[in-house]
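Asks: Below are the structure tokens for one structure; questions will follow.
The values are calculated or read from the model by the stated rules, or taken from the named source; none is laboratory data. These numbers were taken from a predicted model, which means no experiment stands behind them. Cβ: placed from backbone, ideal geometry, glycine included. Neighbour counts: every protein chain shown. Surface accessibility is based on the protein's heavy atoms, side chains included, excluding ligands, DNA and RNA. Shrake-Rupley method; radii C 1.70, N 1.55, O 1.52, S 1.80 Å.
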Amino acid sequence: MASKSAHAVAVAVAVLLLLLSPPAPAALAAAPQLSVDFHAASCPQLESIVRSAVQAALQRDIALAAGLIRIFFHDCFPQGCDASVFLTGTDSEQAQPPNANSLQPRALQLVDDIRAMVHAACGPTVSCADISALATRDAVVLSGGPSYSPSLGQLDSLAPAPANLVNQLPGPGTSSVQQLINLFGSRGMRDAADLVALSGGHTVGKSRCPFVRPQDDAFSRKMAANCSVDPNGKQDLDVVTPVTFDNGYYIALTRSQGVFTSDMALIRDPITAPIVRQFAQDKAAFFSNFTKSIIKLSKVPRPGGNVGEIRRSCSRSNRSPRLVETTGSEEEGFAASA
């Protein structure tokens, strides 16, 4: 009898311990993969909202096309497309040398304005990174360039990219073509055509006078003369068709009319010169290569994986106290990993 009683007590204790024990954590769901239709169910009107907003903005200011393209490149190249370049405040990438006086404030604001429209329509389900990717694609198309489908599902970073990665952004200066090829290759863009095709983003946009190449040829002297009249002026990067996304940039290079030292290096290097000439002669070849290369850019690996949040403001993490105070609970946002 005592044996049975002891057994009953042991069972009761075991049951009590089981009831008091914290539940085992649920198995983590498999991380969703990036896809071109990532938001098809959660926000079916996403692409039409972005396209309409970009179209209206370009009608007011065509220069925004170049601004969006530059922001996308400067965001994705350091550590993947995570909208880290949009963050302001301490350690902001916008203050780093490759970005200082280079990113267009109106284009940064446009992406955040579109984010507000998308979140109003669908809730906080789309990241600033994804909106930037779609806005850039639409800027290319609406300026005359090719359409393509960027990978979506990126989360916004919680902090800016480290300065050592941001400072690896290629600039207009004196890097050799081989150094640039190696740099692009370190981001998964290993074909020399990736460097040449993405440089074609210069087919729209302008450069400030301090970045114009100081070489002794007729075109350089003409640019220098223009800049001496207005040191704060700007020079079209494509002097053939400056506001149209086409192959005019490459045609200009074959005429020794590249604005940056790095531009002219492409037509003078034996590896890239044949590609420049091909794109100058064949716009379709440029468009085909550009779409492949910018899709590669949209997939640059993120060192810590696709970890982050969907920001309630592109310029601040949801962890910012100021953001919590000013937005209240109108837009929940969330932090996650994918």
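Asks: Inspect all residues belonging to the stretch 258-270 and state whether any of them is at pLDDT 95 or above and out of contact with any Ser or Thr (no Cβ under 9 Å at 6 or more places or on another chain).
Replies: Yes, that holds for at least one residue.
Asks: Please verify whether Pro274 is of a type outside the set (S, T, N, Q), closer than 25 Å to Ser151 by Cβ and open to solvent by 40 Å² or more (accessible area, probe 1.4 Å), treating the condition exactly as stated. Walk me through it before giving the result.
Replies: Details: of a type outside the set (S, T, N, Q): yes; closer than 25 Å to Ser151 by Cβ: no; open to solvent by 40 Å² or more (accessible area, probe 1.4 Å): yes.
So Pro274 does not fit the description; no.
Asks: All but one of (1) open to solvent by 10 Å² or more (accessible area, probe 1.4 Å); (2) farther than 26 Å from Phe211 by Cα; (3) touching a residue at least 12 places away in the same chain (Cβ under 8 Å) hold for Ser127, so report the exception by its number.
Replies: It is condition (1) that Ser127 fails.
Asks: Moving on. When you check Asn247 against the structure, is it within 26 Å of Ile295 (Cβ to Cβ), buried (at least 19 other Cβ atoms within 10 Å of the Cβ) and of a type in the set (S, T, N, Q), yes or no?
Replies: Working: within 26 Å of Ile295 (Cβ to Cβ): yes; buried (at least 19 other Cβ atoms within 10 Å of the Cβ): yes; of a type in the set (S, T, N, Q): yes.
Here the answer is yes, as Asn247 does meet what is asked.
Asks: Which number in (1) more than 22 Å from Ser317 (Cα to Cα); (2) part of a loop (DSSP other than H, G, I, E, B); (3) out of contact with any helix residue (DSSP H, G or I) (no Cβ under 9 Å at 6 or more places or on another chain) marks the one condition that Ala56 misses?
Replies: Here Ala56 clears every test but (2).
Asks: Take Pro214 and tell me if it is closer than 16 Å to Leu103 by Cα, touching a Ser or Thr at 6+ places or on another chain (Cβ under 9 Å) and not in a helix (DSSP H, G or I).
Replies: On the way: closer than 16 Å to Leu103 by Cα: no; touching a Ser or Thr at 6+ places or on another chain (Cβ under 9 Å): yes; not in a helix (DSSP H, G or I): yes.
Spelling it out, it is not the case that Pro214 is closer than 16 Å to Leu103 by Cα, touching a Ser or Thr at 6+ places or on another chain (Cβ under 9 Å) and not in a helix (DSSP H, G or I).
Asks: I'm checking my understanding of the structure. Among residues of the stretch 170-204 that are at pLDDT 95 or above and assigned to a loop (DSSP other than H, G, I, E, B), which one is nearest to the chain's Cα centre (by Cα)?
Replies: Arg187
Asks: Can you tell me which residue among Pro105, Pro97 is open to solvent by 40 Å² or more (accessible area, probe 1.4 Å), at pLDDT below 95 and more than 21 Å from Gly304 (Cα to Cα)? Quick ask: steps written out before the conclusion?
Replies: Details: Pro105 fails: at pLDDT below 95.
Within the list Pro105, Pro97, the selection yields Pro97.
Asks: Could you pull out the residue among Ser143, Ser132 that is over 16 Å from Phe77 (Cβ atoms) and buried (at least 19 other Cβ atoms within 10 Å of the Cβ)?
Replies: Working: Ser132 fails: over 16 Å from Phe77 (Cβ atoms).
When all the criteria are applied, what remains is Ser143.
Asks: Does the stretch 171-192 hold any residues that are closer than 20 Å to Ala252 by Cα and either open to solvent by less than 10 Å² (accessible area, probe 1.4 Å) or touching a Gly at 6+ places or on another chain (Cβ under 6 Å) (or both), and which are they?
Replies: Val177
Asks: When the residues of the stretch 250-271 are filtered to those that are touching a Gly at 6+ places or on another chain (Cβ under 9 Å) and free of Cβ contacts under 8 Å to residues at least 40 places away in the same chain, which remaining residue is least open to solvent (accessible area, probe 1.4 Å)? Break it down into steps so the answer makes sense when it comes.
Replies: Going through the stretch 250-271, the residues touching a Gly at 6+ places or on another chain (Cβ under 9 Å) turn out to be 250, 252, 260-262, 264-267.
Then drop every residue that is not free of Cβ contacts under 8 Å to residues at least 40 places away in the same chain, which leaves 252, 267.
Values: Ala252: 1, Ile267: 26 Å².
Among residues in the stretch 250-271 that are touching a Gly at 6+ places or on another chain (Cβ under 9 Å) and free of Cβ contacts under 8 Å to residues at least 40 places away in the same chain, the one least open to solvent (accessible area, probe 1.4 Å) is Ala252.
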